[in-house]
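Heads up: the structure comes next, in structure tokens.
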Amino acid sequence: MSQSADTLNNPIEHNVDCYKRDTCRLCGSQNLDLVMPLPATPIADGYFSIERKDESQACYALDLYLCQGCGLVHLCDVVNPELIYRQYLYETTTSPGLVAHFQKYADDVLSRIKLSPGSLVLEIGSNDGTLLNFFRGRGLCVLGVDPAREIAQRATQAGVETWPEFFSVDLSERIKHQKGPADVVIANNVMANIDDLDSFIKGVRNVLSPQGIFIFETGYWVDSVHNLVFDNVYHEHISYFSVKPLVTFFKKHGMELICVDRTPTKGGSIRGTVQVAGGSRKVEACVLEFIETEIREGFYRPAMYKEFAGNINCQKEKLLGLLRRLKAESKTIAGYGASHSVTTFLYYFGITGQFLDFIVDDNPRKHNTLSPGLHVPVFASEAIYEKRPDYILILAWRFAEIVMKKHQKYLQDNGHFITPLPTPRLHQ
Ligand SMILES: [Zn+2]
């Protein structure tokens, strides 16, 4: 699910572009190890118009810290959300695939909790209300919270009442007063972007009925590491969750993580179910199994991150060797993909305009822009056939199969694709 601009209550009181916290976001410990320094980057989605080519973009630290207290991996440098989301344009992501996903999501939730007609389902970051609409269809009361005014208005007009506000303890109080407590609270892809998670979860607990459940979906850090999706690290995502630190965090707030399911979205995600501590449901065995696996695989030891970075650095050297050879032969190379992840990827791999002649992307919003910081021009994918680069490096490498399938014609015309990860490969 996408977020609108944005759902998130990051109350940076500091009137600054970025501030650095020195405590863990979940447990408050000051015992933090810098386990993976990534190069500082500009705001990852800050693609900007070619007319502004003489401007430079500020870079912000992008270092990953491991909390020795609870095991959370997170960024301590928090960029002011005003800066991140100022240029954020909402685009609806409701596609047939996503609608089916939400239908199944609603069915899964309803198999977990018995609700009577009139029970309240609250979604934080509800966007256009697609998910809530399925609950509404089952005779339940629904309420969305999403600060993007236009989206909230459209959702409300379509029958899913949506308050255009940031979620907070105060708002949870107003909801309780006007609508009663919620039996289900949902937050999808919201928690990783929130700096003040203590306040957020206090609000959730406050609005939840005694037997209610809180369900969240978020990227699973363990999957990111296994799948080498290091480029999912950028300033919008402040926390990289695994199960163990979340259990400690919910406990601190009088809540209990009772079940964890895996979902395939975003390179590997988890869906957690939480109840008020001492509720009627049992903690399922899977929670402990997740934790045991995380510990066994070394996710709470700095050494594991050294190995992880070492593996990526090894692929980086192989790829740079290949690109240098191609440039020495005066080959032209284009990049494919202009997303958030690509900014992290290009900075980490040190791939600049020296290697890339241009980038193409399918999203019209990115066309005729320059990439953040490095200023590589971005065009529509038709440019592949107009400019005919000798090689295309697939920067959106998780979608490499789709890209190559879509551009078979380029391959047939003697073009070559390069996929950078899990290990650099030439396709011709
Ligand atoms: Zn911690």
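The values are calculated or read from the model by the stated rules, or taken from the named source; none is laboratory data. This structure is a prediction, so every number in the text was calculated from the model and none was measured. Counting neighbours? That spans all protein chains shown, and the Cβs are built from the backbone with ideal geometry, glycine included. Protein only, heavy atoms only, side chains kept; ligands, DNA and RNA dropped before computing areas. Shrake-Rupley method; radii C 1.70, N 1.55, O 1.52, S 1.80 Å.
Structure values in brief
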read-out: Protection proxy ranking of 287-297, 235-245 - average other beta-carbon atoms within 10 Å, highest first; value: 235-245, 287-297
read-out: Flagged links, alpha-carbon separation over 23 Å, of Lys244/Lys306; Lys366/Lys406; Lys327/Lys366; value: Lys327/Lys366
read-out: Inter-part distance where the range 261-327 and the range 161-228 are each reduced to a Cα centre, Å; value: 23
read-out: Cβ-placed point charges (K, R +1; D, E -1), dipole of the range 250-399 about Cα centre in debye, nearest 20; value: 220
read-out: Quotient of Cα Rg and 2.2 N^0.38 Å for the range 283-332, N being how many residues it contains; value: 1.98
read-out: Alpha-carbon radius of gyration plus Dmax, which is the widest Cα pair, for the range 96-300 in Å; value: 16.5, 50
read-out: Charge-dipole axis of the range 228-364 as Lys and Arg at +1 and Asp and Glu at -1 on Cβ define it, positive-most pick from Leu323, Ser341, Cys286; value: Cys286
read-out: Accessible solvent surface per residue of the chain, calculated while the other protein chains remain in place, 1.4 angstrom probe, Å²; value: 42
read-out: Kirkwood hydrodynamic radius (C-alpha pairs) into Stokes-Einstein, the range 362-428, 37 °C and 0.692 mPa s, D in µm²/s; value: 258
read-out: Total charge dipole magnitude, the range 236-287, about the Cα centre, Cβ charges on Lys, Arg, Asp, Glu only, Debye to nearest 20; value: 80
read-out: About the Cα centre, charge dipole magnitude for the chain (Lys/Arg +1, Asp/Glu -1 at Cβ), debye; value: 800
read-out: Normalised contact order of the range 96-300, rounded percent, pairs of Cα under 8 Å and 6 or more residues apart; value: 15
read-out: The chain pair-distance distribution - Cα-Cα, 10 Å bins, rounded %; value: 4, 21, 30, 26, 15, 5, 1
read-out: Carbon + sulfur, % of accessible area of the chain - ligands and nucleic acids excluded, 1.4 Å; value: 50
